[in-house]
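A short reminder: the numbers here are calculations on the coordinates, not readings from a lab. Keep in mind it's a predicted model, so treat the numbers as computed, not measured. Don't worry about glycine lacking a Cβ; one is built from the backbone with ideal geometry, like all the others, and counts go over all protein chains shown.
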Ligand SMILES: [Ca+2]
Ligand SMILES: [Ca+2]
């Protein structure tokens, strides 16, 4: 098993509760990635009563008419790569671009992986601990590839590369952001384009355990934040006008939302525009945050005063936004892996549901919300080892990335 530490990252340092021993014993190793053993099957999904139908008065809502528990899905392996961490697509291009944590971005076309890498950052990054190439996304016009990684000093870099004729031009590298990382873990690193066509980057709290620098609640640092920048509006980027703290002295103007511990994966609903953030917990709660379209600016998701829906180090901040869903580490879970709202055609019963998983049990789960309430939350009864990320293609179909190598497409069961 590769890289439990990629996400959990808090096995040492003394959180309020220890990580499960399974997570502590799993060191990152290159051999694991070289020998994928994935089967598209999973242990029985732990389903606790608290997960199912908490709240939910929206029986009249169209989405609620579909019982997620009756949806049958399967995972179909489409490729096996070296520690895949992120997927991106371009408008009008059926290629799946997949980032390998060791530094390459590869192209998957017509069921096979192109021999030539689209971009190779393997000399600029190192896949160790929670580090490596962590996020990729294309500009809305498909002519720029953004790559987020830790450099050889372990510090965060966000670069832009010109993209043409199926490849990124390494000579065109433009550094957008450079953020020092005080500790090796909690580097976030996911990048996405929002419905506003702006570029979002998630950064963890800097690392160690418990947020010793109190970065989450400190609007003077980029750590522990979701950032939003306009890479085309200035050099190297512009601050979007609507960023919530641009007028606040001592606040970093790139901040879009704060109070995050390690927003390893976040996404936007491609139809509704809602923001979904899966924030990895310290030791007690794994959380999913949800902001309806256009309502996420300035949100304080509570860390390190709150961990999920419980207290961590103090009373909740006045502007605290509770997670829409959280879960404990019962059943061997350790680290939430955020996915996407399903908007594809292949599995109609899943439409509008948010899919996610947990790195340690790998079970694919789905939930629907009705306002602030979770209307349904189920296991889809499929899974994969070391589920580290999800992908979404131009048709809205979803993919599951295992850090052990396999990339799966979610298909009807
Ligand atoms: Ca860090
Ligand atoms: Ca929170």
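Measure off 7 Å from each Cα along the Cα-to-Cβ vector at residue 393 and residue 113, then give the distance between these two points in nanometres to one decimal.
Reported label-point gap for residue 393 and residue 113 is 1.7 nm.
Taking 8 Å as the Cα distance limit and 6 or more residues as the minimum spacing, I'd like the relative contact order of region 236-360 as a percentage.
Computed over region 236-360, the figure is 22 percent.
Using Cβ counts within 10 Å as a stand-in for footprinting exposure, how do 196, 180 rank, fewest first?
With the fewest neighbours first, 196, 180 line up as 180, 196.
By the gyration tensor of its Cα atoms, with a ≥ b ≥ c the square roots of the eigenvalues, what is the shape of region 90-185: rounded for a/c under 1.5, prolate for a/b over b/c, or oblate?
Note, shape of region 90-185 comes out prolate.
By per-residue mean of other Cβ atoms within 10 Å, what is the highest-first order of 261-272, 162-173, 198-209?
198-209, 261-272, 162-173
For region 159-245, what is the convex hull (Cα atoms) projected area averaged across all directions, in square nanometres?
7.0
Binning at 5 Å from 0, report for region 282-332 what percent of all alpha-carbon pair distances ends up in each bin.
P(r) over region 282-332, rounded to whole percents: 5, 22, 28, 23, 14, 6, 2, 0.
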